[in-house]
Amino acid sequence: MASEKIRIGVIGANISKGWAHRSHLPALLASPEFELTGVCTTRQESAEESKARFGARLAFHDHRDMLASPEIDAVAVVVRVPSHYTPTMDALNAGKHVFTEWPLGATLAEAQEMADLGRAKGVQTMVGLQARAAPAVMYMKELVDSGYVGEVMACNLRLIRGGVLSRTSDRTWQRDDSLGATTLTIACGHAIDALRYVVGDFSDVSSVVSTQAGQWYESDTDQMVDVTAPDNILVSGRLACGGVGSVHVASVPWSESGYRLEVCGREGTLVAESEDSPQLGDVRLMGAKTGDTGLHELEVPSRLVWVLEGMPRGAPYNVGQMYYQFGQAIRSGVPCEPSFDTAVGLHKFIDAIRASSDQSRSVAVPV
């Protein structure tokens, strides 16, 4: 496989619903390391539509048939969170390299089982924490690590996203906290993972996990449905490096204000901003050091851009950055990051946030 393209199949390749058609499929078409060999949906008709739209060679309505094909080297699992476990485990047992979207599992237990099996099978595993592949976020980490801000004293993360209160019934499944796809796991998970990637983990957290909108209106059924999924998360605590950190991630009905991560040190400050979550679009990086009159924009080195010029901006871009890493890992045998083990660490951290809120006290973050 050293010179040939890696043959990949995408599970969850619907052309009009879900995340794959917005991100993974266009990213793969612009990634020279991969051939989009197979697509899989729950119906053969929709699989054939996806095959025609994206130029795949094979179409499947059962992921087990895809995994049995000797023409598939690697698999991307891009389905709803509650459905991640089965196709991911099946792919690992089939000896395929696997890229599964975040959250890896609906629970920590599911994620741990997937990570353990991936290690046992000796295949490459990658989880879709795309903010880590955003060039500006990577450069921010490099600058912190190289001493741009000096000793980290404090950091602050704020992400305010849109969260409409009226939805069609095919989109209200996310109201159920037990299904694992909420503002806490997805919006907060991605954003706080980027913070931990840049400055390191928290050692302890105090948090509030709240459901402020207790009902949504289902517009096509004309009924109100109860919501248990949290929509506001407040976290504060001490960082392992000795600094302090604070986080507010929220889904609000009106006038979302986007993303801002600020890292303040004894010798400087760095600020990353985006109109949406950092994994979804362009991130702007600014900095100031002792003697500067204020923040100024920092140019991100071109060496941190791994995709070709043809990679679409927006949702596919950082996914494409990750596919480059995934391809390099498959070819070299060197474990890639972020892996399933990385995902397990984030699942543990999110469980600590929830435990702190439930117990109304500060809790230690598991190592």
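Please find, among Arg260, Arg303, Arg354, Arg361, the residue that is more than 30 Å from Leu25 (Cβ to Cβ), among the basic types (Lys, Arg) and loosely packed, with under 14 Cβ neighbours inside 10 Å. Don't jump to the end; show me each part of the working.
Details: Arg260 fails: loosely packed, with under 14 Cβ neighbours inside 10 Å; Arg303 fails: more than 30 Å from Leu25 (Cβ to Cβ); Arg354 fails: loosely packed, with under 14 Cβ neighbours inside 10 Å.
The conditions single out Arg361.
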> Which residue pairs have Cβ atoms under 8 Å apart, sit 6 or more places apart or on different chains, and have a first residue in the stretch 238-260 that is outside any loop (DSSP other than H, G, I, E, B) and a second that is aromatic (Phe, Trp, Tyr) and buried (at least 16 other Cβ atoms within 10 Å of the Cβ)?
Replying inline: Arg238/Phe202; Leu239/Phe202; Gly245/Phe202
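Can you report the number of residues in the stretch 17-64 which are of a type in the set (Lys, Arg), under 21 Å from Arg313 (Cβ atoms) and touching a residue at least 40 places away in the same chain (Cβ under 8 Å)? Before the answer, list the steps.
So in the stretch 17-64, the residues of a type in the set (Lys, Arg) come out as 17, 22, 43, 51, 53, 57, 64.
Going one step further and asking which of them are under 21 Å from Arg313 (Cβ atoms), we end up with 22, 53.
Within this subset, residues satisfying the condition of being touching a residue at least 40 places away in the same chain (Cβ under 8 Å) are 22.
Counting residues in the stretch 17-64 that are of a type in the set (Lys, Arg), under 21 Å from Arg313 (Cβ atoms) and touching a residue at least 40 places away in the same chain (Cβ under 8 Å) gives 1.
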> Out of (1) part of a helix (DSSP H, G or I); (2) more than 20 Å from the chain's Cα centre (by Cα); (3) of a type in the set (A, V, I, L, M, F, W, C); (4) crowded, with 22+ Cβ neighbours inside 10 Å, the odd one out for Ala56 is which?
Replying inline: (1)
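Mind checking which residues of the stretch 70-89 are in contact with an Asp or Glu (Cβ under 6 Å, 6 or more places away or on another chain) and without any contact (Cβ under 8 Å) to a residue 40 or more places away in the chain? Can you show your working first?
Step one: list which residues in the stretch 70-89 are in contact with an Asp or Glu (Cβ under 6 Å, 6 or more places away or on another chain), which gives 78, 85.
Of everything in the stretch 70-89, just one residue is in contact with an Asp or Glu (Cβ under 6 Å, 6 or more places away or on another chain) and without any contact (Cβ under 8 Å) to a residue 40 or more places away in the chain, namely Tyr85.
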> When the residues of the stretch 143-191 are filtered to those that are in contact (Cβ under 8 Å) with a residue 12 or more places away in the chain and among the acidic types (Asp, Glu), which remaining residue is nearest to Thr342 (Cα to Cα)?
Replying inline: Asp177
>> Taking the criterion of being over 17 Å from the mean Cα position of the chain (by Cα) and assigned to a loop (DSSP other than H, G, I, E, B), would at least one residue in the stretch 127-141 satisfy it?
In response: no
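Return yes or no: is Ser50 more than 24 Å from the chain's Cα centre (by Cα) and in a helix (DSSP H, G or I)?
Working: more than 24 Å from the chain's Cα centre (by Cα): no; in a helix (DSSP H, G or I): yes.
Spelling it out, it is not the case that Ser50 is more than 24 Å from the chain's Cα centre (by Cα) and in a helix (DSSP H, G or I).
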> With Leu67, Leu92, Leu117 as the choices, which residue is farther than 22 Å from Gln279 by Cβ, free of Cβ contacts under 8 Å to residues at least 60 places away in the same chain, hydrophobic (A, V, I, L, M, F, W, C) and surrounded by 24 or more Cβ atoms within 10 Å (Cβ to Cβ)?
Replying inline: Leu92
> Of all residues in the stretch 86-107, which are hydroxyl-bearing (Ser, Thr, Tyr) and assigned to a loop (DSSP other than H, G, I, E, B)?
Replying inline: Thr107
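Every read-out reported here was derived from the displayed coordinates using simple, explicitly stated rules and does not represent laboratory data. Just so it is clear, the structure is predicted and the values come from calculations on it, not from any experiment. Note: ideal-geometry Cβ built from the backbone for every residue, glycine included; neighbour counts use all protein chains shown.
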